[in-house]
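Engineer: Supplied in C-alpha cells, the structure appears directly below.
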Amino acid sequence: MKRFWLLFLFLLPAFIAVDAKKVAPAVSVDDLRAEYQINPIGIDYAPQLSWKLFSKADGTMQTAYRILVASSEAILAEDRGDIWDSGKVESSKSTCIGTEHIKMLSRARYYWKVMVWQQDGKPSAWSSPAFWEMGLLSQSDWQGGWIGYVPGMPGRVLYFKANFWPDPSKQIAYSRLYAAGIGNFEVYINHKKVGDHVLDPAQSTYTKRVYYETYDVGALFHEGANTIVIPVAPGWMGCPRLRAQLEVVYTDGTCYVMNTDSFRHVTTGPTTYATIFDGESYDAREDKDYIWEPGVPAGLMDKQWAWAHNTDDPTGKMCAARVEPIQIVEELKPTFVAEPQPGVYTFDAGRNLAGWVAIKVRGKEGDTVRLFFAETLREDGSVNQDNLRNAKSNDNYTCRGDAEECWEPAFTYHGFRYFQVEGLGYKPAAEDFTVKAVRTGVRTIGQFECADPLVNDIHRMVFNTESSNLHSVPTDCPQRDERMGWLNDLTVSHEIAVYNFDMARFFSKFAQDITDTQDEEGTITCVAPFRFGMRPADPVSASYLLMPFHSYQFYGNLHAISDNFEGMRKWTDYLRSRTQDGIVQYSYYGDWCPPRDYLMDPNGSGVSRDTPGLLMSTGYLYLCEKLISQMAAIQNMPDVAAQYKAYAEETRKAFNRAYWREDVGGYAANNQACNAFALYLGIPDERQAERAVANLVADVRDKGHHLTTGNLCTKYVLDVLADYGYVDDAWKIVTQTTYPSWGFMLSKGATTVWERWEYLTGDAMNSHNHPMMASVDAWFYRYLLGIEPQTEHPGFEQFSLKPYPPTSLAWAEGSLETVKGTVRSAWRRSGRNFIWTVDIPANTKADVSVPAANASGVTVNGKRVKAVQEGGFATFTLGGGHYEIKSKL
C-alpha cells in the first residue's frame, strides 16, 4: 500500500499537468490596438479597435467576441464596461471594430479589453487592458490663437518661451501639452527636449487642416519655476507660427490651462537659419542661458526678447496627428574617403539615405565647421551636388570654443550618401561623426530573401529607397529642391511601401492630403500637399484611389474608403468629363522616363516616344471606374457600383477601338508598355489577350530581357508575364545586370534606386534615390513568396498564398506581419521536389496554391490533402498553423 501511495504521489504532477492542459485556454488575445496604435493619446476621432489571437492549435478561429470599454481601470478590472459592453458578438472579425456609437469627450481616457470564443464554444481569458485617450475634439477647446513675429527676424528660427509654476499645495496627476508649430517645431522643458519626434508636425494643406501633437509632460515639471521653450522653424510654412496649450490636472481634480498667450516672449537663438532644402546654420555662441532659464523681461521687449503678435490663422482646422511621427530610426558610422584639398574631408555613410550628420568637433570661438551633402563624388573625391539643383544641402556649425562640442541639426534633412567637412583645423576621425537616418516611424513588417544574391541586393536597394522617402508624405526624392508627394510615381510605388512597412495610418492620412487639394470641379493636383506641379493632376494619378483600396485590402480599413469616396468619385467623374469618344484628352507624364532610346527627346523631358500618353490616361480612367464600382459595392451602394461598372465597360470598348491593332495583334505601338498595361487592366478579350501576350513575350526576348518601360509599366510587364505563365522571362528581366536594369544600377554602386535607368549626375532629373522605378519589390512578395490579400476578405480574414518559382531559383523565404499576425512563406526546390513551409496566423485562412504537376501527390505535414488542380497549381484551403507542404513539379 505504501508503494501505491508513493507511486501515486510520483505520478500526481503528470496527472495535474494533463488535466491543466485540458482546461487551459487554447487561445490568448493580445496586441490590442486603437486605430492601429498601442495605447494612443491625443486622438480626435472614434478609433477602430483590433486585436490578434495566438494559439498553438492549428485551425483556431474566433467565433465571437466581447469588448468592454470603461471610464477607469478599476471599473474595467471588475469586468464591467460602463461606457460600452458589446455583449457576445458572433463574428470572426478582430480588426476595425468601430466605436462611433460612443459619445467621445475631449481629453477623456477610455480603458478596454477583449474576450473571444473559438470553435469549441469556450471563452478565452480576458486580454490585458489597453486604453486610448482623446485629444481636443472641438475647435473651441483651443483657448488661444496663433502667434508669430512678422516684423523682423526673417528666415530665422523663433524661440517662443513660457514659464510655469506648479501650485505648491497640490500634486500633479498628469499634464498634456497640445502644440503645433509650423513649419517645424520642437518642445523643451527645463532645457530638455520632450519626446523623440523630429520635424513635427506632419505636412498638410494648411488652409484645410493643421496637425497638432500631444505630449505627456506631467513628469517633466519640478517644484518652482519651469521653462517651456518651443523653437519653430520656417519649414514648409515660411513664417514660423505657434499654437500651444498646456493643461495640468492635479490630484484634487482641478485643472490649470496655459494657452498661447503665455508664449508671447520670443527671441532668436543658436539656430540662425534653417530650411528644408538648404540646410541649417547653428551658432553655439548664441546659445544663451536666458533662453532656457526661468524668467522673462519685465516689459514687452528688451534687447533680447520681442513680443509675439497674433497672426492670421492658417485657416485650417486643428486636427490630431494622423500618422506616426518622423523619428531617427537608425544610426550609422561613416568611413573616411578622401582629402581632395587641404582641410577638406569626405566621408561615406555606406549607403544613400535621408537624414543628417551629428558632429563632435574642436575649434576656436567663431570657427565655422561646414558640411556639404551629396549622393555622388567627383573624380577628386569631393562631393558632387550638381543634381541637387537649387537645394544647397549644407549645414554650418559655429564653435563656442569649448574643448569638445557636439551638435546635430533639428529643422532640416538631407538625401545623401557622402558628406564633406570643411573648416576644421585638424584631420577629423570617422568616429567624430554619426550618420542618422530619419523618416516617419512606421514599423518594418516585411522580410524577403532568396538564393540569388543579386535579387537580395535589389530588395535592399528598394527598401533603402522607400525608407528614405517617408516624411509624413511619400516623397519622390529626399535630396534636391523637390521632396514632394507626387501622385504619378505613387500609383505603382505605393505597393512596395505596403509590403515593407505598416502603412495603415500613413495611407489614410495621405489620401486625406489628396482630398484636401480637390476643387469644386473635382480636380486634384499632381502633388499633395500642393506645393507645385499641375492642376488637374495627370490622369495616371490613380494612387488617390489605390491607397484607400489597399488600406481596405491589407488592413480592413473601410474608413479609408468612406472618408475619401466622394472625392475619389468626383476625380473619376472629372476624368470622364475630359474624354472624347471615350478617350481622355490630356496627359503630362504617361509612362514616365523609359530608357533613353525610347524617350520623345533624349536630352529633354521623360515623356515616352512610343507609349501614347492618352492611352495611359484612358487606361487609368478605366482602372478608376472599376475601383469606384468595387468600393461602392463594398459600401453597399449597388446603384453606384452598377453605374461605374457600366462606365468602365464603355471605357474598355473605347480603349479597344482606339488602340487595338488587328494587323499586329497588339496595342498602339505594340511595345512592352502598351501591351502589358492593357493586359494588366484586363481590357483585351481572350483572343486579343493571347496575341498581345505573345507579342509582349517576343519583344522582351528580342530585347534580351531588357525593359523598354518607364515608371508605371515596368510593374505591369513583370506582373503580366508571371500571370500568363512566363515567370522565367520575368525572372530574367529581374536578374539582368546590363543597362537598363536594377542590376546595372547595382553595378555602378547604387544602394538606392535611381530616377532614371541611366547613370546621370548633372543638373536635371537625376535623383539617385527615387522609388518610382522600384515596383519590382512588390513582385518579390506577391509572386516569389506568393502573399496577397483578398478584397472579398479584407484585413487578411482570408488571403492567398501562391508562389511562382522561377526555374533557376533554388529557394525563397520571407514574411509579412499582417493585422492578423505574421504570414511566413519559405520554399525550396530539390530536383522535381517542391518543399514549402508556411505559417498562417490564428483566426484566418489561406487559399493555398502550391506549384504541382499533379494535385494527388501533394502532402501537408506528411499527409495527403484533397486539392484541386488548376493549371500548374494544386489548390486547397488551410486554417491557422504551421505547415510543411510538399509537391512534385
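Engineer: For region 184-309, what does the accessible surface come to per residue with a 1.4 Å probe? Please give it in Å².
Structural biologist: With all protein chains present, region 184-309 gives 38 Å² per residue.
Engineer: If you take the Cα atoms of the chain, find Rg, then find the Kirkwood Rh from the mean of 1/r over all pairs, what is Rg/Rh?
Structural biologist: That ratio is 0.99, to two decimals.
Engineer: Starting with the highest mean, order 752-759, 253-260, 231-238 by the number of other Cβ atoms within 10 Å, averaged over the residues of each peptide.
Structural biologist: Averaged packing, sorted descending, gives the order 752-759, 231-238, 253-260.
Engineer: Continuing with this model, one more query. Place +1 on the Cβ of every Lys and Arg and -1 on the Cβ of every Asp and Glu in region 748-818, take the dipole about the Cα centre, and give the residue among PRO789, SER815, TYR804 whose Cα lies farthest towards its positive end.
Structural biologist: TYR804
Engineer: Along each of the three principal axes of the Cα atoms of region 428-520, give the extent in whole Å, ordering the values from largest to smallest.
Structural biologist: Here the Cα extents, ordered largest to smallest, are 56, 40, 22 Å.
Engineer: Label region 673-784 by shape, choosing from rounded, prolate and oblate, from the square roots a ≥ b ≥ c of the eigenvalues of the Cα gyration tensor; if a/c is under 1.5 it is rounded, and otherwise prolate applies when a/b is larger than b/c, oblate when it is not.
Structural biologist: Prolate, since a/c reaches 1.5 and a/b exceeds b/c.
Engineer: A further question on this structure: Could you give log10 I(q)/I(0) at q = 0.22 Å⁻¹ for region 824-886, computed by the Debye formula over C-alpha point scatterers of equal weight, without solvent?
Structural biologist: One equal scatterer on each Cα of region 824-886 leads to -0.88.
Engineer: Next question. Ranking request for peptides 212-222, 606-616, 861-871: highest mean number of other beta-carbon atoms within 10 Å first, then the rest in descending order.
Structural biologist: Order by mean packing, descending: 606-616, 212-222, 861-871.
Engineer: Relative contact order for the chain: what percent, with Cα pairs under 8 Å and sequence separation of 6 or more?
Structural biologist: It rounds to 10 percent for the chain.
Engineer: A further question follows. Please go through region 251-319 and write out the trypsin sites (Lys or Arg not before Pro) that DSSP classes as loop and that have at most 15 other C-beta atoms within 10 Å. Don't jump to the answer; show the numbers that get you there.
Structural biologist: Details: sites: ARG264, ARG285, LYS288, LYS303, LYS317; in loops: ARG264, LYS288, LYS303.
Within region 251-319, the qualifying trypsin sites (Lys or Arg not before Pro) (loop, at most 15 other Cβ atoms within 10 Å) are LYS288, LYS303.
Engineer: While we're on this one: Arrange the peptides 582-592, 876-886 so that the one whose residues have, on average, the most other Cβ atoms within 10 Å appears first.
Structural biologist: 582-592, 876-886
Engineer: Within region 428-481, list the trypsin sites (Lys or Arg not before Pro) lying in a DSSP loop whose Cβ has at most 13 other Cβ atoms in a 10 Å radius. Walk me through the numbers before you get to the answer.
Structural biologist: On the way: sites: LYS436, ARG439, ARG443, ARG460, ARG480; in loops: ARG443, ARG480.
Here the trypsin sites (Lys or Arg not before Pro) that fit, given the DSSP loop and packing criteria, are ARG443.
Engineer: Quick one: if the Förster radius is 35 Å, what FRET efficiency do ASP261 and ASP519 give, using the C-beta to C-beta distance and rounding to 0.05? Write down the numbers at each step before the final one.
Structural biologist: Numbers: r = 36 Å, r/R0 = 1.03.
E between ASP261 and ASP519, to the nearest 0.05, is 0.45.
Engineer: Return the long-range amide H neighbours of VAL217 (sequence gap of 5 or more, or a different chain), with a cut-off of under 5 Å between placed amide H atoms.
Structural biologist: Residues meeting the amide H criterion: SER175, ARG176, LEU177.
Engineer: Here's another thing I want to ask about it. Can you give the Rg/Rh ratio of region 387-460, where Rg is from the C-alpha atoms and Rh is the Kirkwood radius?
Structural biologist: 1.08
Engineer: Would you kindly work out the equivalent ellipsoid of region 562-673 from its C-alpha gyration tensor and give its semi-axes, the square roots of five times the eigenvalues, largest first in whole Å? Mind dumping the intermediate values first?
Structural biologist: Numbers: eigenvalues 175, 56, 24 Å².
Whole-Å semi-axes of the equivalent ellipsoid: 30, 17, 11.
Engineer: For region 745-799, evaluate the Debye formula with one uniform point scatterer on each Cα (no solvent term) and list log10 I(q)/I(0) at q = 0.14, 0.16, 0.27 Å⁻¹, rounded to two decimals.
Structural biologist: Values returned for q = 0.14, 0.16, 0.27 Å⁻¹ are -0.55, -0.62, -1.04.
Engineer: A follow-up question, please. Per 0.36 nm of contour for each residue apart, how much would the distance between LYS333 and GLU223 grow if the chain were fully extended, relative to their Cα-Cα spacing?
Structural biologist: Details: separation 110, 0.36 × 110 = 39.60 nm, distance 4.07 nm.
Here the answer is 35.5 nm.
Engineer: Show me the chymotrypsin sites (Phe, Trp or Tyr not before Pro) within region 468-538 that DSSP assigns to loop and that have at most 16 other Cβ atoms within 10 Å of their Cβ. Please list the in-between numbers first.
Structural biologist: On the way: sites: TRP486, TYR499, PHE501, PHE506, PHE507, PHE510, PHE530, PHE532; in loops: PHE530, PHE532.
Taking region 468-538 and a limit of 16 other Cβ atoms within 10 Å, the loop chymotrypsin sites (Phe, Trp or Tyr not before Pro) found are PHE532.
Engineer: According to a simple spin-label model (label point 7 Å from Cα along Cα-to-Cβ), what is the distance in nm between SER140 and HIS309?
Structural biologist: According to this spin-label approximation, the distance is 3.1 nm.
Engineer: Apply the Debye scattering formula to region 80-191, with a single equal point scatterer on each alpha-carbon and no solvent, then give log10 I(q)/I(0) at q = 0.13, 0.20 Å⁻¹.
Structural biologist: Ignoring solvent entirely, the Cα scatterers give -0.81, -1.26.
Engineer: Go through region 822-839 residue by residue and turn each phi into a ³J(HN,Hα) via Karplus (6.51, -1.76, 1.60, θ = phi - 60°); whole Hz please, and just put x for glycine and proline.
Structural biologist: 8, 9, 10, 9, 9, 10, 8, 10, 9, x, 8, 7, 10, 10, 10, 9, 10, 10
Engineer: Give me the net charge for the shell around TYR345: Cβ to Cβ below 12 angstrom, other residues only, Lys and Arg +1, Asp and Glu -1. Intermediate results must be reported in sequence, preceding the final value.
Structural biologist: Details: positive: ARG370, LYS427; negative: GLU339, ASP348, GLU422, ASP432.
Charge balance near TYR345 sits at -2.
Engineer: Whole-Hz ³J(HN,Hα) for each residue in region 58-73, computed from phi via Karplus 6.51 cos²θ - 1.76 cosθ + 1.60 with θ = phi - 60°, x for glycine and proline: what do you get?
Structural biologist: Result, ordered by residue: 5, x, 5, 10, 6, 10, 6, 9, 9, 10, 10, 10, 10, 7, 8, 5 Hz.
Engineer: Quick one: in region 478-565, what % of C-alpha pairs are over 22 Å apart?
Structural biologist: In whole percent, the share of Cα-Cα pairs in region 478-565 beyond 22 Å is 22.
Engineer: In addition: Could you check how much of the accessible area of the chain is carbon and sulfur, as a whole percent, using a 1.4 Å probe?
Structural biologist: Using a 1.4 Å probe with all protein chains present, the chain comes out at 50 percent carbon and sulfur.
Engineer: Output ³J(HN,Hα) for region 637-645: one whole-Hz value per residue in order, computed from phi by the Karplus curve 6.51 cos²θ - 1.76 cosθ + 1.60 with θ = phi - 60°, and x for Gly and Pro.
Structural biologist: Karplus values, whole Hz, x for Gly and Pro: 10, x, 5, 5, 4, 5, 4, 7, 5.
Engineer: Quote the charge dipole size of the chain about the Cα centre in Debye, to the nearest 20; the model charges only the Cβ of Lys and Arg (+1) and of Asp and Glu (-1).
Structural biologist: Its charge dipole is roughly 2240 debye.
The values are calculated or read from the model by the stated rules, or taken from the named source; none is laboratory data. What you are looking at is a predicted structure, and each value in this text was computed from that prediction instead of being measured. No Cβ is skipped: glycine too gets one built from the backbone with ideal geometry, and neighbour counts run over all protein chains shown. Surface accessibility is based on the protein's heavy atoms, side chains included, excluding ligands, DNA and RNA. Shrake-Rupley method; radii C 1.70, N 1.55, O 1.52, S 1.80 Å.
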